[in-house]
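Everything below concerns the one structure shown next.
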Amino acid sequence: MGSATWIFAIILVVLYLIAGAKILKKGGDSGWKILIPIYGNYCLYKVARSESIFWGTILLSVTTSLLSRLILSAQRTVGTIFLIAVGIISLILAWKYASNMADAFGKGKGFALGLFLLSPIFMLILGFGSAEYQYGYSHSEQKTETVDDDF
């Protein structure tokens, strides 16, 4: 990859982390949790009330990683159909998560489409915009932590 591609990728990751931290704070969680790989994403799914989608995505990823080489080497046609089906299921799960995240902040299906197609930009809009979290706190009805982290 060229240096411009790396710079663009780093910018996208930083934007994702900033947006994720802001969304977690709006959802009643600590923003620093976004920095922990996998758990940070789980916290975002929890804000969207999509924990089952998170676990489904993880299961799908692990299964595909383990079986794709085996299936493609044994039966190319069956393997190709399997991988296409997995891709379609992944898109459905990603759409459902985007839709749930939009709902969690009182946004409609158009905004969900934006989250689905241009996630870092629309996550920044959620994080820095005026949208309020619709479900109260995501982890408990009473927030026990009073520390305001600036991340």
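A short reminder: the numbers here are calculations on the coordinates, not readings from a lab. Since the model is a prediction, treat every value here as computed from it, not as a measurement. All Cβ positions, glycine included, derive from the backbone under ideal geometry; neighbour counts span all protein chains shown.
For the chain, the tally of Lys pairs with Cα-Cα distances below 13 Å comes to 8, considering only residues 8 or more apart or on different chains. The ranking of TYR135, TYR97, TYR42 from fewest to most other beta carbons within 10 Å of each one's beta carbon is TYR135, TYR42, TYR97. Here the scattering of the range 63-116 is modelled by Debye summation over its C-alpha atoms, one equal scatterer each and no solvent; at q = 0.13, 0.17, 0.18, 0.32 Å⁻¹ the log10 of I(q)/I(0) is -0.46, -0.59, -0.62, -1.11. Rounded to whole numbers, the Karplus 3J(HN,Hα) couplings from phi for the range 55-68 are 5, x, 5, 4, 4, 4, 5, 5, 4, 5, 4, 6, 9, 4 Hz, using 6.51 cos²θ - 1.76 cosθ + 1.60 with θ = phi - 60°, and x at Gly and Pro.
A simple spin-label model places pseudo-atoms 7 Å from Cα toward Cβ; at ARG49 and LEU118 they are separated by 2.8 nm. Helix content alone sets the calculated 222 nm mean residue ellipticity of the chain: runs of n ≥ 4 DSSP H residues at -39500 (n - 2.57) each, divided across all residues, give -23500 deg cm²/dmol.
Converting phi to 3J(HN,Hα) with the Karplus coefficients 6.51, -1.76 and 1.60 and the offset θ = phi - 60°, the range 124-130 yields 4, 4, 5, x, 9, x, 8 Hz in sequence order, with x at every glycine or proline.
Averaging 1/r over every pair of different alpha carbons in the range 3-128 and inverting the result gives a Kirkwood radius of 15.8 Å. Relative contact order of the chain, taken over Cα pairs closer than 8 Å and 6 or more residues apart, is 33 percent.
Quick check: residue separation of SER61 and ALA4 times 0.36 nm, minus the Cα distance between them. What number comes out in nm?
17.6 nm
Rounded to the nearest Hz, the phi-derived 3J(HN,Hα) couplings of the range 79-95 under the Karplus curve 6.51 cos²θ - 1.76 cosθ + 1.60 (θ = phi - 60°) are x, 5, 4, 4, 5, 5, 4, 4, x, 5, 4, 4, 5, 4, 5, 5, 5, where x marks glycine and proline. On the beta carbon distance between ILE81 and LEU12, with R0 = 22 Å, the FRET formula returns roughly 0.10.
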